[in-house]
1. Show me the helices (runs of 4 or more DSSP H) found entirely inside the stretch 210-297 where at least 3 residues are more than 26 Å from R34 (Cβ to Cβ) and among the β-branched types (V, I, T).
2. Could you list, in sequence order, the residues of the stretch 136-173 that are among the hydrophobic types (A, V, I, L, M, F, W, C) and either at pLDDT 85 or above or touching a Gly at 6+ places or on another chain (Cβ under 6 Å) (or both)?
3. Can you give me the number of residues within the stretch 51-74 that are in contact (Cβ under 8 Å) with a residue 60 or more places away in the chain and within 19 Å of A146 (Cα to Cα)?
4. Being at negative phi, buried (at least 24 other Cβ atoms within 10 Å of the Cβ) and touching a residue at least 60 places away in the same chain (Cβ under 8 Å) is true for just one of A196, A242. Which residue is that?
5. Could you tell me which of the residues A5, A76 is within 15 Å of A211 (Cβ to Cβ), small (G, A, S) and surrounded by 19 or more Cβ atoms within 10 Å (Cβ to Cβ)?
6. Can you tell me which residues in the stretch 237-289 are of a type in the set (D, E) and either within 15 Å of P316 (Cα to Cα) or within 13 Å of the chain's Cα centre (by Cα) (or both)?
7. In this structure, is W224 surrounded by 16 or more Cβ atoms within 10 Å (Cβ to Cβ), more than 21 Å from I12 (Cα to Cα), aromatic (F, W, Y) and at pLDDT below 95?
8. Cβ contacts < 8 Å: first residue without any contact (Cβ under 8 Å) to a residue 40 or more places away in the chain, restricted to the stretch 121-150; second residue of a type in the set (F, W, Y), any location; separation 6+ or different chain. Result?
Amino acid sequence: MTSTAFAALIIILLGWLLRHLGVLPRDAGHHLVRVVIYAALPALVFRAMIVNHFDASMVLAPVVGLVSHVIMVTIAYWLARARKVDRRSTGALIVASAVGNTGFFGIPLIASAAEHGSQVSLSAAVMFDTFSTGIITWTSSMWFAARFGDASGSDAPSGERLWRNLLLPPIWGVAAGLALHGAGVRSLPEVIDQPARILGAAVLPLVMIYAGLVLDWGGVRRAWRDVAWASALRLVVGPALAFGLAWAFGLDGDVLRTVVLMGAMPTAMMSLVIGGWFKLRTDIIAGSVVVTALLVPVMLPLLDEHVIPYLMRIFP
């Protein structure tokens with residue numbers, strides 16, 4: 001995990017440097033995202049659901065994510081109340097802290113770590129992202145953003161478009177992979193497997209370059225106190241809750257480790273888009289995206305190599 005996490009950090013900084021030197025404009029990130037969503041990520045999750053081990057315990061992985069989200073929202077709300085911040089800041093704190101970037105960061109990082117021998121489960125990561133984060137992003141996050149923000153003049157998607165977002169190509173990949181796995185398929189023909197493997201391997205570098213392109217320190221400077229609280233919730237409280245819930249649900253081994261790592265992912269970049277739609281404090285969300293993305297390469301190896309093994313010894 002250490003080598004994967006720091007490789008990701010180097011690629012993020014490379015993306016920032018490419019933008020700084022004028023090689024790639026910030027807007028190029030939009031095109032990278034489309035390549036990931038419509039080609040690379042569907043290939044990665046489709047192949048993962050077929051060739052990787054899958055068992056019934058992985059069904060509980062998204063349950064951990066959903067319950068953890070409810071608790072995180074509650075903590076963020078009462079923290080905002082205790083600090084007496086305004087409604088827009090409250091909504092921003094909730095949206096920035098309660099949803100992690102498990103799709104663009106989590107899945108490729110777990111996939112790369114698994115390739116390098118880490119004791120993680122890519123199938124559990126895909127289940128967590130698809131049936132927890134994917135649902136939360138377009139339901140709970142939208143509701144809280146609308147509740148604490150201002151929808152007047154907003155270009156937020158309609159209900160029909162929200163349903164379309166829940167059915168993007170990565171979901172098709174998960175569904176197709178699960179169907180084939182259920183039918184007993186455990187390998188793909190080389191003519192399909194090789195392109196899927198190559199496309200899947202492209203997710204991590206594409207996403208990290210995108211993260212570097214959109215890095216913006218402005219939000220951190222303007223709202224550093226709120227950013228610090230959101231980052232602490234995302235990177236400390238998130239994995240702590242994930243471990244407690246996973247242990248309580250009886251998860252162990254690779255699945256438990258994966259669920260905890262997914263609980264420690266940085267603030268979702270989609271949260272910034274949602275915050276903009278509903279006129280929340282986007283400087284808080286943008287700052288949280290920056291800080292958590294840069295801290296995750298430090299946090300994940302610490303969790304993977306020290307904290308999780310220690311907790312698994314205490315709570316067998």
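The values are calculated or read from the model by the stated rules, or taken from the named source; none is laboratory data. As the structure is a computational prediction, the values presented were derived from the model and not from experiment. Neighbour counts are summed over all protein chains in view; Cβ atoms, including those assigned to glycine, are modelled from backbone coordinates with ideal geometry.
1. Values: elements: 218-222, 224-232, 238-248, 253-263, 269-277.
Of the helices (runs of 4 or more DSSP H) lying wholly inside the stretch 210-297, those with at least 3 residues that are more than 26 Å from R34 (Cβ to Cβ) and among the β-branched types (V, I, T) span 253-263.
2. From the stretch 136-173, those among the hydrophobic types (A, V, I, L, M, F, W, C) are 136, 138, 142-146, 148, 151, 156, 162-163, 166-168, 171-172; that's our starting set.
If the condition is that a residue be among the hydrophobic types (A, V, I, L, M, F, W, C) and either at pLDDT 85 or above or touching a Gly at 6+ places or on another chain (Cβ under 6 Å) (or both), then I136, M142, W143, F144, A145, A146, F148, W172 are the ones that fit.
3. 3
4. Working: A196 fails: buried (at least 24 other Cβ atoms within 10 Å of the Cβ).
Being at negative phi, buried (at least 24 other Cβ atoms within 10 Å of the Cβ) and touching a residue at least 60 places away in the same chain (Cβ under 8 Å) holds for just one of A196, A242, which is A242.
5. On the way: A76 fails: within 15 Å of A211 (Cβ to Cβ).
None of the other options fit; the residue is A5.
6. To start, the set of residues in the stretch 237-289 that are of a type in the set (D, E) comprises 252, 254, 283.
Result: D252, D254.
7. Numbers: surrounded by 16 or more Cβ atoms within 10 Å (Cβ to Cβ): no; more than 21 Å from I12 (Cα to Cα): yes; aromatic (F, W, Y): yes; at pLDDT below 95: yes.
No; evaluated as a whole, the condition is false for this residue.
8. none
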